[in-house]
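Asks: Here you go, one structure.
Laboratory data are not the source of any read-out in this text; all were calculated from the coordinates shown. Bear in mind that the values here come from a model prediction, so they are computed numbers and not experimental data. Ideal geometry is used to build each Cβ from the backbone, glycine not excepted, and the neighbour counts take in all protein chains shown.
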Amino acid sequence: MSKYWSALAASIKPYVPGEQPKDKKYIKLNTNENPYPPSPSVIEAIRAAADDSLRLYPDPICSSLRQTIAKYFSLSDNQIFVGNGSDELLAFCFPAFFNPGVRPILFADITYSFYPVYCRLFGIPYETLPLDEDFRMPVEQFYKPNGGILIANPNAPTGRFLDLTAIESILQRNTHSVVIVDEAYIDFGGASAVGLVGKYDNLLVVQTLSKSRSLAGLRVGFALGHEDLIEGLRRVKDSINSYTLDRLALAGAQGALEDEAYFRQTTAKIIRTREETVKQLEALSFTVIPSTANFIFITHPAHAAETLFAKLRERGVLVRYFKLPRIDSWLRVSIGSDDEMAAFAEALRNISAI
Ligand SMILES: *Cc1c(COP(=O)(O)O)cnc(C)c1O
């Protein structure tokens, strides 16, 4: 606390990202990073862009990358917005689409913990909708007046996917508010709502290159939606920073989207490893929530999650533990390579011979 902080800075509760420890080398299964390197096309594109042109500002409207994304999803350029990671893009959504002091925006009680952080920063009231015991969303809860809707799909940290029929009925019953579907993990087995963008002008689909394209370090996210929504985002962006994506990020992102074969190969590998890991954990009596993400949410009837978290950490394996109501007996485990997951399973077996 400092007397120099504004009332706002003093009142907010910033998001705490998963740790990136430097004390020793861990098997990192705590931040949903991709275990595989980015496509070689990414590195090549960044190398080619690292030249004298860095002297110049990058393209503020990211024309070339937006064209590539538009073509990839069979949309038009004016339906695409790109941001410095989808976190920044989600932050822009708050002043762009939600109003302070009127109706609350709605999201699940267990979901991406950045959402309430943005609400406090931007003074947007919110109401959380309880997931059921199995972390499913009873969708009728969205059928009431609101100031906007945010859905992580698949959800984090549970990994559960909400089917597109449910998404569509939410869109139909909320034509007065913007429905944001945060698809950070969509490429690991879910079905994207992007096909509904042409049909619903209140839908904004947000994706990222951080997870399925192995580019958490490059910071590139994008949104797909009606051109009026895109224009709203642009108005906010251009009131904060015209150049949110640098030249290297623009080039690297382009390289990633152009290597479809590599993307398919690595995501398929992660899905296979996930299914194999689930089998092993179930054999150790863990309960595993069905996941369409690059992580799984697990609990054990005889071992407290907090203890398992600490014991795994001692053995050099980092997973994510949230000391929060309703999920404090669960661990979120990112899917690493086959070798990393074998080491994780081995560590679990060693811990008091589960
Ligand atoms: C990882 C994640 C993001 C943010 O991704 P970046 O593009 O790296 O900022 C957004 N939403 C959810 C649900 C995530 O898990």
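Asks: Determine one quarter of the surface area of the Cα convex hull of segment 112-182, which equals its mean projected area, and express it in nm² to one decimal. All intermediate terms of the calculation are to be shown ahead of the outcome.
Replies: Working: hull surface 18.7 nm².
For segment 112-182, the mean projected area of the Cα convex hull comes to 4.7 nm².
Asks: Sorting CYS93, CYS119, CYS62 on the 10 Å Cβ count, fewest up front, what's the list? Intermediate results must be reported in sequence, preceding the final value.
Replies: On the way: CYS93 28, CYS119 20, CYS62 25.
Exposure proxy ranking, most exposed first: CYS119, CYS62, CYS93.
Asks: DSSP beta bridges in segment 40-258, what fraction antiparallel, as a percent rounded to 5? Don't skip to the answer; put the middle values down first.
Replies: Numbers: 9 of 23 bridges.
Just about 40 percent of them are antiparallel.
Asks: Only sites in a loop by DSSP and with at most 16 other Cβ atoms within 10 Å count here; which trypsin sites (Lys or Arg not before Pro) in segment 62-131 make the cut?
Replies: Numbers: sites: ARG66, LYS71, ARG120; in loops: none.
For trypsin sites (Lys or Arg not before Pro) across segment 62-131 that sit outside H, G, I, E and B with at most 16 neighbouring Cβ atoms in 10 Å, the list is empty.
Asks: If the limit is 25 Å between Cα atoms, which of LYS13/LYS237; LYS24/LYS269; LYS28/LYS323; LYS13/LYS323; LYS22/LYS279; LYS269/LYS311 go over it?
Replies: Values: LYS13/LYS237 23 Å; LYS24/LYS269 27 Å; LYS28/LYS323 19 Å; LYS13/LYS323 16 Å; LYS22/LYS279 32 Å; LYS269/LYS311 28 Å.
Flagged as over cut-off: LYS24/LYS269; LYS22/LYS279; LYS269/LYS311.
Asks: Tabulate in residue order the Karplus-calculated ³J(HN,Hα) for segment 202-213, using 6.51 cos²θ - 1.76 cosθ + 1.60 with θ = phi - 60°, rounded to whole Hz; enter x for Gly and Pro.
Replies: Once θ is set to phi - 60°, the couplings for segment 202-213 become 9, 9, 10, 9, 10, 10, 9, 8, 5, 9, 6, 9 Hz.
Asks: Which values of log₁₀ I(q)/I(0), to two decimal places, follow from the Debye formula for the chain at q = 0.07 Å⁻¹ with a uniform point scatterer at every Cα?
Replies: One equal scatterer on each Cα of the chain leads to -0.31.
Asks: Name the long-range amide H neighbours of LEU129: under 5 Å, sequence gap of 5 or more, or other chain; modelled H, no Pro or chain starts.
Replies: Amide H to amide H, under 5 Å and 5 or more residues apart or across chains, LEU129 pairs with PHE107, ALA108, ASP109.
Asks: Determine, for ASP182, ASP87, the number of other Cβ atoms within 10 Å of each Cβ, and report the residues in order from fewest to most. Intermediate results must be reported in sequence, preceding the final value.
Replies: Details: ASP182 30, ASP87 21.
Least crowded to most crowded, the residues run ASP87, ASP182.
Asks: Just how far, in whole angstrom, is segment 304-354 from segment 51-104 if you go by their alpha carbon centroids?
Replies: Distance between centres, Cα-based: 36 Å.
Asks: Which whole-Hz couplings ³J(HN,Hα) result when phi for each residue of segment 98-111 is put into the Karplus expression 6.51 cos²θ - 1.76 cosθ + 1.60, θ = phi - 60°, listed in order with x for Gly and Pro?
Replies: Each residue of segment 98-111 in turn: 10, 10, x, x, 10, 6, x, 7, 10, 8, 5, 5, 10, 7 Hz.
Asks: Apply the Karplus parameterisation 6.51 cos²θ - 1.76 cosθ + 1.60, with θ equal to phi minus 60°, to every residue of segment 134-146 and state each ³J(HN,Hα) to the nearest whole Hz, in sequence, with x for glycine and proline.
Replies: Whole-Hz 3J(HN,Hα) from phi for segment 134-146: 8, 6, 8, 9, x, 5, 4, 5, 8, 8, 7, x, 7.
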